[in-house]
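Structure record follows, encoded as structure tokens.
The values are calculated or read from the model by the stated rules, or taken from the named source; none is laboratory data. Predicted, not measured: the structure shown is a model, and the values here were computed from it. Heads up, the Cβs are rebuilt from the backbone with ideal geometry, glycines too, and the neighbour counts pull from every protein chain shown. Quick note on the areas: whole protein, heavy atoms, side chains included, nothing else; ligands and nucleic acids left out. Shrake-Rupley method; radii C 1.70, N 1.55, O 1.52, S 1.80 Å.
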Amino acid sequence: MADPELQKEVMKKWFLSKYENPVEETPYESAEGGYIYIFGGPYDAADILGSEFAEIVGEKVIEECVSELEDEEGCIEWAAVASEQDYDDEFLKSVTDNPEFYQTFQQSISNIGELLNFGAGATSGPLLNNLLFV
């Protein structure tokens, strides 16, 4: 069996590759009373590490790892780290939710044309062109 310190280091690296302190990237809504866990959560480190490593690491080592993670990160409720798959799924959803995508595109091009013909002044014209280009 590996050294407990090595086991904790491996568990921490694995855990922090999949979960993070919600302060890092999770939207916060004060009116709603806290974080909006868009990729799931909040997660408990003890539950996650226990279910992942209980068969190969002792319970005491897992508890120590959880305690160290919480102390080091100042966090007891964790958010999932966004993966590339999350973004791919969201993009696919946004495309498939609009079956009239070509008509939407055509309408957007028409709207841009109208704005170009708006005739903005010398100072705001370049800015408007930049915004329309984006």
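Worth a mention:
- By accessible area with a 1.4 Å probe, ligands and nucleic acids excluded, highest first: order of THR104, THR26, THR123: THR123, THR104, THR26
- In the chain, helices alone account for a calculated mean residue ellipticity at 222 nm of -18000 deg cm²/dmol, with every DSSP H run of four or more residues adding -39,500 (n - 2.57).
- Largest-first ordering by accessible area, 1.4 Å probe, given options TYR19, TYR43, TYR28: TYR28, TYR43, TYR19
- Relative to the longest principal axis of the Cα atoms of the chain, the long axis of helix 59-73 lies at roughly 40 degrees.
- Long-range Cα-Cα pairs in the chain (distance over 24 Å), rounded percent: 56 percent
- The share of accessible area on the chain that comes from carbon and sulfur is 55 percent, using a 1.4 angstrom probe.
- Spin-label model distance (nm) - VAL81 vs ASP47, 7 Å beyond Cα toward Cβ: 2.1 nm
- VAL134 exposes around 150 Å² of accessible area when a 1.4 Å probe is run over every protein chain in place.
- Nearest-0.05 FRET efficiency for GLU29 and GLU59, computed from C-beta distance (R0 35 Å): 0.45
- In Å², nearest 10: area of PHE91 left accessible to a 1.4 Å probe: 140 Å²
- Over the chain, accessible surface divided per residue gives 73 Å², non-protein components excluded, 1.4 Å probe.
- Exposed loop positions in the chain were taken to be GluC sites (Glu not before Pro) whose DSSP state is not H, G, I, E or B and which have at most 14 other beta-carbon atoms within 10 angstrom. Between these positions, the longest stretch is 56-99.
- Using alpha carbons only: equivalent-ellipsoid semi-axes of region 1-70, gyration tensor based, whole Å: 28, 11, 10
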